[in-house]
Amino acid sequence: LPQQADQGWAWMVLVAAVVLQGLTLGFPSCIGVFFTDLQHEFQATNSETSWFPSIMVAVLHAGPLCSILVKCFGCRFAVMMGGLLSSVGMVSSSFCKSLSQLYLTAGLITGLGSCFSFQAGVTALGYYFVRWRTLANAMASTGVSIGLTLWPLLSQYLLDEMGWRNTFLIFGGILLNCCVCGAVMRPVKFALGSLLKITCFQVLQNYLAFDIFCQNKRYQIYTIGVTWMMMGFALPHVYLVPYAIQNGLEERRAALLISIIGFINIFIRPLTGLLSGQTIFTGRRIYLYSLAVLLCGLSNFICIISAEFSMLIFYCVILSIAMSGIGALTFQVLMDVVEMDRFSSALGLFTILESITLLIGPPLTGLLVDITSDFRYVFYTSSFFLISASLFMVLSFCALEKKNKLRDTSKVPPDKSCVRLSNADRRLSPTCSASQRTDRTVLS
């Protein structure tokens, strides 16, 4: 499809990608609105309730599953299959009688559907855009911010009017629009494989880059740092609304906090992407990324200091700015540390490890809250993981660069001026090694 790239129908695909990212990546942001109601409905602890959004977000990041589906059946099929699964999951969840059933329906099935729709949509965008690919990806990512803004507001309104079960039923209908977006994505000519032809070893080699992880120190450091960071990154999204409600804030105003984060993201994320693209940051984006992670961690102390609405708004503003940097730079930094011909493999292992910590972070923190009965430990925990991850990445990359410079210095060829010195001068010259000392009689 080279003749159709960057023009005509490609822009319709871009619009579909914006909607897809709002429907998929933006959707988990609204789960915090239902946290208290679900907890009361099923008489569950904070830890038990938090498994629901954790499973959804973790499965959403399970990239290799979608890669295999796209390779076998194409982007359009994967997006539409994802929309169908997301809808079935949410409709089924409205009839759940226990939290364990909710884990399976809204958590696993809807999360898997969102994974298929989102990742296949991004892949299709890469086929339809070549010259304007960077711009297209930046514009598509605004869909996440729009979703972060609208989902919590819609959720709180529907929850007040008809309860969480009917709201989940309506969400099932809304998520079917992923199928419409998939229909827009006309098939692109690329080799289709057959899953019976793919061995387990080939899957691991193609989609889980263990060899890169062992050999590429920069990729190793970055992957470990981001995986550790994700233990605390999602905690405010899950617990901010319950924390605000526990401190006496009205439910509508509590839901507004998540929308504020999304609204600011709409403007800051593209600006961060443009800033990081400047030549001055070439090879240094990891430090800009670490700075955003550090700011995200430090911002949590605002919530610890005060739970007043004005302070929580201030917290959301700072958190949103930091999140914009993290969201805009995560994949750019990954492209900096691995070669592009192995990027898809590196991304597969990266997202799998990331999803593991996204899965266990909120429930473990919820257990801590259950023991202490204090939601402030959510923000203490989040700050610990974010700040330590930021320091780990900065110090590790600095040490690696210093080591590389020393190695390069040791490979510098000997100074030819040393051979012109006399024997006495050479003995006094610290720059001339023994191997460089040449007898004067030879020079003469």
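For segment 40-59, filtering for residues that are without any contact (Cβ under 8 Å) to a residue 60 or more places away in the chain and part of a helix (DSSP H, G or I) leaves 3. Checked against (1) surrounded by 21 or more Cβ atoms within 10 Å (Cβ to Cβ); (2) under 24 Å from LEU158 (Cβ atoms), VAL293 passes all but condition (2).
If you check GLY63, GLY121, GLY83, which single one turns out to be crowded, with 21+ Cβ neighbours inside 10 Å and at pLDDT 90 or above? When all the criteria are applied, what remains is GLY83. Just one residue in the set MET323, MET311 is open to solvent by 10 Å² or more (accessible area, probe 1.4 Å), of a type outside the set (Lys, Arg) and without any contact (Cβ under 8 Å) to a residue 24 or more places away in the chain; that residue is MET311. Within segment 136-177, being without any contact (Cβ under 8 Å) to a residue 40 or more places away in the chain, among the aliphatic types (A, V, I, L, M) and open to solvent by 20 Å² or more (accessible area, probe 1.4 Å) holds for MET162, ILE170.
Being farther than 18 Å from ILE146 by Cβ and surrounded by fewer than 21 Cβ atoms within 10 Å (Cβ to Cβ) narrows it down to one of ALA78, ALA58, ALA44, so name that one. The unique qualifying residue is ALA44. Looking across segment 294-308, just one residue is within 23 Å of THR282 (Cα to Cα) and either without any contact (Cβ under 8 Å) to a residue 40 or more places away in the chain or acidic (Asp, Glu) (or both), and that is LEU295.
Scanning segment 363-385 for residues that are polar (S, T, N, Q) and assigned to a helix (DSSP H, G or I), we see that the one that is farthest from ASN46 (Cα to Cα) is SER383.
Among helices (runs of 4 or more DSSP H) entirely within segment 215-287, having at least 2 residues that are under 23 Å from ALA62 (Cα atoms) singles out 217-233, 235-246.
The values are calculated or read from the model by the stated rules, or taken from the named source; none is laboratory data. These numbers were taken from a predicted model, which means no experiment stands behind them. Positions of Cβ are backbone-derived with ideal geometry, glycine not excepted, and every protein chain shown enters the neighbour counts. The area values use the complete protein model at the heavy-atom level, side chains included, leaving out ligands, DNA and RNA. Shrake-Rupley method; radii C 1.70, N 1.55, O 1.52, S 1.80 Å.
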